[in-house]
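Visitor: Pasting a structure here, questions to come.
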Amino acid sequence: MQTIGHFIQGKIHLNLEQNKLPVFNPAIGEQVSQVIIADEHQIQSTIKTAQQAFALWSLTSPAKRARVLFKFRELLEKNLERLAGIITQEHGKTFADAKAEVIRGLEVIEFSCGISSQLGGQFSDNVSTQVDCTGFRQPIGVCLGITPFNFPVMVPLWMIPVAIACGNCMILKPSEKVPSASLVLAELLQQAGLPNGVFNVLQGDHTTVKHLLAHPEISAVSFVGSTHVAQSIYQQATLSNKRVQALGGAKNHLVVMPDASQHEVADALIGAAFGSAGERCMAISVAVVIGEDNANTLSKILVDKINQLKVAPGDQSDTDMGPLITAEHLNKVKNYIQSGVEQGAKLVVDGRQKTFAPTNTGFFIGATLFDEVTSDMSIYQEEIFGPVLCLVRVNDLDEAITLINQHQYANGTSIYTQSGQAARHFSRNIHVGMVGINVAIPVPVAFHSFGGWKSSLFGDHHIHGEEGVRFYTRLKTVTSRWQTAGIASSEEHSAFIMPTSR
Ligand code: NAD
């Protein structure tokens, strides 16, 4: 059986005496490899390696750093299908969706190639006589990235290129469920000319994270995962003065106005709710439909479309939806469906009833549709992270806005309408970090920033784009005086009062 190791100081490390975890192919429901869990000693030595690399990398000019990223981008494009194949095997999503994920990650590399223009600061001439003031941004040190299972390439690439373009070193702790892609990223970065030690991968689980967070030489932590872990990581890491951006879970609503095209909405909902089997932090899991007639019509169209979905292994070309990530997660989703029934929601399509070939041992479930869902139900309150779409019926747009604003999660939301006025009212009054107008999954492009509000993000900075550059750099402001002969200085005597501009 293949064993997946760490990548430290430019080399794969396979210490077979370390503890291991199984890695599954969810489409066949079987273990296909094992991943090693980094122990405390390995963690300490990796942080030391990254610290040493930081001394040189932070001094390398932004232009030279960008050249490595240009090359990395080219190599990633060449390895697109290889990476997508790995994602499909370990995660289960369709090959086409896996390719799209890699391309979204590649766009962050493209953004990072131009980061040097964002590192320049502010210069103010002669703020006092013969005194100038310069502000500029410097890297912060060794950064830690902790990533979830659902985007094995895209989410690490939200972090890696931005951090290293800004002059930092990075240690990535990928999800133990999808560990292989991270090693390909490391290999390609090395081929692109990244000096050893600037990017390292430590495999492991929560125990690995615990040791990493305890280390004083980790300056910043970027986390993406579930909310309870995000909040706990934010609390632990900020206690030791680390900078933290911790992106958590979601429950994303799509508001359907009466003037929206029902067929367009249904297509958007099917893709956004059931793509990647609902295992996306920007998946739409609640449709908030205005008006009873609209809701009745939409529900019928959705049923027809759900019945046509092909649920099968992600490496089959016409698959719409692959399996869930693990057997435990499959059970969790089934339990949520049961709780919806018990709490009084109307189960319109039951994905548990979908039949698969007897030889199919993967973690599959069909798409599920609930109608007449109310805000007190667990299927509404909690993130299911599976192919379950809830329809909530409301009377008007303000009722929809109030409902969404009361939810603990605030990652993404969307409105479908022909009315500019309704769209503007919605986008200005909704308390959610990312908003779509006739766009079901409003994931911002790489040069904007990604992040939710409330329980969907702990910390002050969203990820990538300008916010990413701010997160991975800190501002320094230099006030300097160079006297010109013959011109009186602004400070002539010992000053016992606060200096003011002269
Ligand atoms: P998870 O929280 O279980 O794991 C994420 C990472 O944290 C993994 O690397 C894991 O090893 C580590 N981890 C798990 N438990 C930990 C603990 N107790 N202490 C320290 N580290 C721990 O999340 P997941 O199941 O891999 O991913 C799915 C979740 O991620 C969903 O909630 C989804 O909404 C969220 N997500 C959010 C975004 C976003 O941008 N907001 C993006 C993708 C996924």
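Each reported figure results from applying straightforward, stated rules to the coordinates on display, with no laboratory input. Owing to the predicted nature of the structure, the values given are computational and were not obtained by experimental measurement. All Cβ positions, glycine included, derive from the backbone under ideal geometry; neighbour counts span all protein chains shown.
Visitor: Looking at the square roots a ≥ b ≥ c of the eigenvalues of the Cα gyration tensor of the stretch 28-82, which shape do they give, rounded for a/c under 1.5, prolate if a/b is larger than b/c, or oblate?
Guide: oblate
Visitor: Cα to Cα, under 13 Å, and not fewer than 8 places away if on the same chain: which aspartates and glutamates meet these conditions relative to residue 93?
Guide: Within the straight-line limit of under 13 Å, residue 93 reaches these aspartates and glutamates: 101, 279, 315, 318, 320.
Visitor: For the chain, what does -39500 (n - 2.57) per DSSP helix run (n ≥ 4), summed and divided by total residues, give at 222 nm, in deg cm²/dmol to the nearest 500? Spell out each step's value before the answer.
Guide: Numbers: 16 runs with 191 residues, N = 502.
Calculated at 222 nm, the ellipticity per residue is -12000 deg cm²/dmol.
Visitor: If you add up the charges near residue 462, with Lys and Arg at +1 and Asp and Glu at -1, over every other residue whose beta carbon is less than 15 angstrom from its beta carbon, what do you get?
Guide: Value of the local net charge: 0.
Visitor: Of the listed peptides 402-413, 304-315, what is their order by residue-averaged count of other C-beta atoms within 10 Å, with the highest listed first?
Guide: 402-413, 304-315
Visitor: Something else: Taking +1 at the Cβ of each Lys and Arg and -1 at the Cβ of each Asp and Glu, which of 172, 406, 421 sits farthest along the dipole of the chain towards its positive end, judged by Cα position relative to the Cα centre?
Guide: With unit charges placed on the Cβ atoms, the residue in question is 172.
Visitor: A further question follows. Counting alpha carbon pairs within less than 8 Å and at least 6 residues apart, what relative contact order, in whole percent, applies to the chain?
Guide: In percent, rounded to a whole number, it is 19.
Visitor: In addition: Could you give the distance between the Cα centres of the stretch 33-51 and the stretch 65-110, to the whole Å?
Guide: 25 Å
Visitor: Dipole of the chain, Cα-centred, from +1 at each Lys and Arg C-beta and -1 at each Asp and Glu C-beta, to the nearest 20 debye?
Guide: Rounded to the nearest 20 debye, it is 1320 debye.
Visitor: OK, next. Per-residue HN-Hα couplings for the stretch 141-149, Karplus 6.51 cos²θ - 1.76 cosθ + 1.60 at θ = phi - 60°, whole Hz, x for Gly and Pro?
Guide: Those phi angles translate into x, 8, 9, 10, x, 10, 10, x, 7 Hz.
Visitor: Between rounded, prolate and oblate, where does the stretch 85-161 land on the alpha carbon gyration tensor, with a ≥ b ≥ c its root eigenvalues, rounded for a/c under 1.5, else prolate if a/b exceeds b/c?
Guide: Judged from the Cα gyration tensor, the stretch 85-161 comes out prolate (a/c at least 1.5, a/b above b/c).
Visitor: Taking the Cβ of residue 474 as the center, what net charge do the other residues with Cβ under 11 Å away carry, scoring Lys and Arg +1 and Asp and Glu -1?
Guide: So the environment of residue 474 carries a net charge of +4.
Visitor: Have a look at 388, 33, 239 and report the one farthest towards the positive end of the charge dipole of the chain, computed about the Cα centre with Cβ charges (Lys/Arg +1, Asp/Glu -1).
Guide: Result: 239, furthest along the dipole toward the positive end.
Visitor: Return a whole-number percent for the relative contact order of the stretch 1-153, with Cα pairs under 8 Å and 6 or more residues apart as the contact set.
Guide: Worked out over the stretch 1-153, it gives 19 percent.
Visitor: Hey, another quick one. Over the alpha-carbon set of the stretch 188-312, divide Rg by the Kirkwood Rh and report the Rg/Rh ratio to two decimals.
Guide: 1.18
Visitor: Between residue 81 and residue 128, what is the spin-label point distance in nm, taking each point 7 Å from the Cα along the Cα→C-beta axis?
Guide: Using points 7 Å along Cα→Cβ, the separation is 6.6 nm.
Visitor: Ok, one more. For the stretch 333-378, which trypsin sites (Lys or Arg not before Pro) pass both filters: DSSP loop (anything but H, G, I, E, B) and at most 14 other C-beta atoms within 10 Å?
Guide: Numbers: sites: 334, 346, 352, 354; in loops: 354.
Passing sites in the stretch 333-378 do not exist.
Visitor: Hey, another quick one. Would you pull out the residues with amide H under 5 Å of residue 32's amide H, same chain only if 5 or more places away, H placed 1.01 Å from N?
Guide: Distant-sequence amide H within range of residue 32: 23, 24, 25.
Visitor: Classify the chain from the C-alpha gyration tensor, please: rounded if a/c falls under 1.5, else prolate or oblate depending on whether a/b exceeds b/c.
Guide: Values: a/c = 2.30, a/b = 1.42, b/c = 1.62.
Note, shape of the chain comes out oblate.
Visitor: Which entries in the list 251/305; 251/334; 20/354 go over 26 Å, if you measure between the two C-alpha atoms of each? Don't jump to the answer; show the numbers that get you there.
Guide: On the way: 251/305 22 Å; 251/334 18 Å; 20/354 35 Å.
Correct reply: 20/354.
Visitor: Which one of 23, 335, 42 has its Cα pushed farthest toward the positive end of the charge dipole of the chain, where Lys and Arg give +1 and Asp and Glu give -1 at the Cβ?
Guide: Going by the Cα projections, it comes out as 42.
Visitor: While we're here: Compute the relative contact order of the stretch 83-214 as a whole-number percentage, counting only Cα pairs closer than 8 Å that sit 6 or more residues apart in sequence. Display every interim value, and only then the final one.
Guide: Working: 191 pairs, mean separation 31.4, N = 132.
Worked out over the stretch 83-214, it gives 24 percent.
Visitor: Which entries in the list 78/454; 78/210; 310/454; 177/454; 78/173 go over 32 Å, if you measure between the two C-alpha atoms of each?
Guide: Violating the 32 Å limit, Cα to Cα: 78/454; 78/210; 310/454.
Visitor: Sticking with the crude label model, points 7 Å out along Cα→Cβ, report the distance from residue 187 to residue 418 in nm, one decimal please.
Guide: 5.3 nm
Visitor: Using DSSP loop states and a limit of at most 13 other Cβ atoms within 10 Å to flag GluC sites (Glu not before Pro), what is the longest stretch of the chain containing no flagged site?
Guide: Answer from the scan: 218-491.
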